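Read the structure below first, then the notes.
The values are calculated or read from the model by the stated rules, or taken from the named source; none is laboratory data. Model, not experiment: these values are computed from the prediction. Methodologically, a virtual Cβ is constructed for each residue, glycine included, from the backbone with ideal geometry; neighbour enumeration extends over all protein chains shown. Protein only, heavy atoms only, side chains kept; ligands, DNA and RNA dropped before computing areas. Shrake-Rupley method; radii C 1.70, N 1.55, O 1.52, S 1.80 Å.
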Amino acid sequence: MVQLWTVGPGGSPDENGETTIDAMVMDGATMEVGAVAAMRYVKDGIRAAKLVMKHTKHTLLVGEKASEFAISMGLPGPTNLSSPESMEKWVKWKENSCRHNFWKNVVPSNGCGPYHPRDAASTVVHSTCGLSNEGACSEGNLLGGLTPNSNCINRNNHDTISMAVIDKMGHIAVGASTNGATFKIPGRVGDGPIAGSSAYADDEVGACGATGDGDIMMRFLPCYQIVESMRLGMEPRRAAADAISRIARKYPNFVGAVFAVDKNGVHAGACHGWTFQYSVRSSNMEDVQVFTLFP
């Protein structure tokens, strides 16, 4: 059975019930990046991202044009990326008046769209976000104060996977893949395909991967920050903790995590707002080792 937080086909549906894919790959030797975002009808986001890097001079392709490109390069499609589980989840959300969603400063504030801007004279707005077991989100104001919605991100509505690999020659590559936040507004692009946010690599230094509330984390480019901190001499543990703390100072309720690994294979992680696990496997290990981090 497909789990509701599975990355890829059958994963998190958007507001229209459709599953789409964001993905990126980065070569730490050449600093080349390939990425796709809001890609429809093609199930293998990582392979599509690699094709962007290999066969174009671009970094990021989006939407149906990304799908057309991937299919023209030989990937299977068009394919329906939804599953019975993802559609069942979407139907239940609609039956529950689309609570919670990612709109703010709009009417209706409690219900499904279509949505329209709230009267500018209003002083209080209701901000909602992705489905959560933890209740509704915080209220915001029209002055645009920092109103985090991360308390609505958890393992049941979030699905980013990031990975870093160091080969025998010391070359580093990273990748990230996601369906994005559950019930996201169609067309939304999160941090998954953004180099420096979901992942980053440099053979001279090391690499990073991240997961969590992408709409907040991409404002800080935590993986770029971590790699640059390690370049300046920080060990992975301190670099990871520093990057997370920079976000937490501005958004104390955000949910996210990072891992950092230097070019020698020394690794660490840091998280905020949830308990986070990452796994490691090296040539001298008999099996994968899982590390658990606590906020």
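Structure data summary
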item: Rounded accessible area per residue of the range 1-98, 1.4 Å, Å²; result: 49 Å²
item: Rounded accessible area of SER177 (nearest 10 Å², 1.4 Å probe); result: 20 Å²
item: Distance between modelled label sites at VAL290 and LEU232, nm, 7 Å Cα→Cβ extension; result: 3.6 nm
item: Centre separation in Å (Cα based) which lies between the range 42-120 and the range 218-285; result: 28 Å
item: Computed label-point distance, nm, for sites MET73 and ASP242 using a 7 Å Cα→Cβ extension; result: 3.5 nm
item: Gyration tensor (alpha-carbon) shape descriptor, the range 33-93, a/c threshold 1.5; result: prolate
item: Ordering of 70-83, 250-263, 207-220 by burial proxy (mean other Cβ atoms within 10 Å per residue, highest first); result: 207-220, 250-263, 70-83
item: THR275, THR292, ranked by accessible area, largest first (probe 1.4 Å); result: THR275, THR292
item: Within the accessible area of the range 186-295 (1.4 Å probe), percent carbon and sulfur; result: 49 percent
item: Per residue solvent-accessible surface (Å²) - the range 157-291, probe of 1.4 Å; result: 44 Å²
item: Distance between modelled label sites at SER283 and ASN110, nm, 7 Å Cα→Cβ extension; result: 6.1 nm
item: Cα-based reach from LYS94 at 17 Å (exclusive), listing lysines while leaving out same-chain residues under 8 positions away; result: LYS184
item: Stretch gain in nm, segment ARG99-GLU64, where the contour uses 0.36 nm per residue and the Cα spacing is subtracted; result: 9.8 nm
